[in-house]
1. Quick one: if you stick a label point 7 Å off each Cα along the C-beta vector at residue 252 and residue 103, how many nm between them?
2. Normalise the Debye intensity by I(0) for the range 136-179, one equal point scatterer per Cα, no solvent, then take log10 at q = 0.14, 0.33 Å⁻¹ and round to two decimals.
3. As an exercise, use a Förster radius of 30 Å and the Cβ-Cβ distance of residue 233 and residue 136 to find the FRET efficiency, rounded to the nearest 0.05.
4. Using a 7 Å offset from Cα along Cα-Cβ at residue 86, what residues in the range 17-60 end up with backbone N under 12 Å from the label point?
5. According to the Cα gyration tensor, what semi-axes, each the square root of 5 times an eigenvalue, does the equivalent ellipsoid of the range 115-240 have, listed from largest to smallest in whole Å?
6. Output needed for the range 155-196: three equivalent-ellipsoid semi-axes, defined as square roots of 5 times the C-alpha gyration tensor eigenvalues, in descending order, whole Å.
7. So how tilted is helix 79-90 from the main axis of the chain? Cα-based, degrees 0 to 90, rounded to 10.
8. Determine the gain in length on full extension of the stretch residue 38-residue 50; use 0.36 nm per residue of separation and subtract their C-alpha separation, reporting nm with one decimal.
């Protein structure tokens, strides 16, 4: 889905068409974001760890939070952000969204969205901040010390997009103090070194970049990727083109019919 690992501008200059497979895992990533929020806000991991260590201590799950009425902030409102907003609203969260498209036309917001706000306002309002924007030069370290400082005590930061959206080292003092919590499926660096501080942080819930994966999404990914290849081999265009300007380039390496 993401093309942050490809120099698209260079590919365009060289006449190389870049294609991806968008939206093959929208449902899975949205489900994972909500699973991370629920597990953290209900303190399921400490409660489970207490059981596995031989104890029976209900206090391990305290303090869990009532979800209804909490503010769930969605940064970015593509297909995944929209799916997350729908799920969060179903659990009773008040959903606020930061999105350029919705800011230009707030009437386009679906019923799941309570308010459309500027990004900085979202950071100050939300009890949960969930990131759903692509990684590029503009969004790298979208959440750094400045943005973290805007967040309320107890805010949960969720990242199921790309690790580079969050300045990991800026996050460290906030987690070490217990002021914020984080639930991350993607991290910078990735994979985490064996001795990385995040592995042992009690304020962090980490999964190993698996939000996209399910039996259905992996089949869809492989099928659509191969369909893109076959379309080009047959002299046509793939369904999804990241750099459409290349199609009119005089250096295009294969000319679709």
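Rule-based calculations on the coordinates, nothing more; no lab input. Keep in mind the model is a prediction, meaning the values are calculated, not measured. Quick reminder, even Gly has a Cβ in these numbers, built from the backbone with ideal geometry, and neighbours come from all protein chains shown.
1. 3.5 nm
2. -0.30, -1.34
3. Working: r = 30 Å, r/R0 = 0.99.
With a Förster radius of 30 Å, E is 0.50.
4. Residues 26-28, 30-31 fall inside that zone.
5. On the way: eigenvalues 222, 67, 32 Å².
After scaling each eigenvalue by five and taking roots: 33, 18, 13 Å.
6. Numbers: eigenvalues 54, 34, 14 Å².
After scaling each eigenvalue by five and taking roots: 16, 13, 8 Å.
7. In the chain, helix 79-90 runs at an angle near 30 degrees to the longest axis.
8. Numbers: separation 12, 0.36 × 12 = 4.32 nm, distance 1.81 nm.
Between residue 38 and residue 50, full extension yields an extra 2.5 nm.
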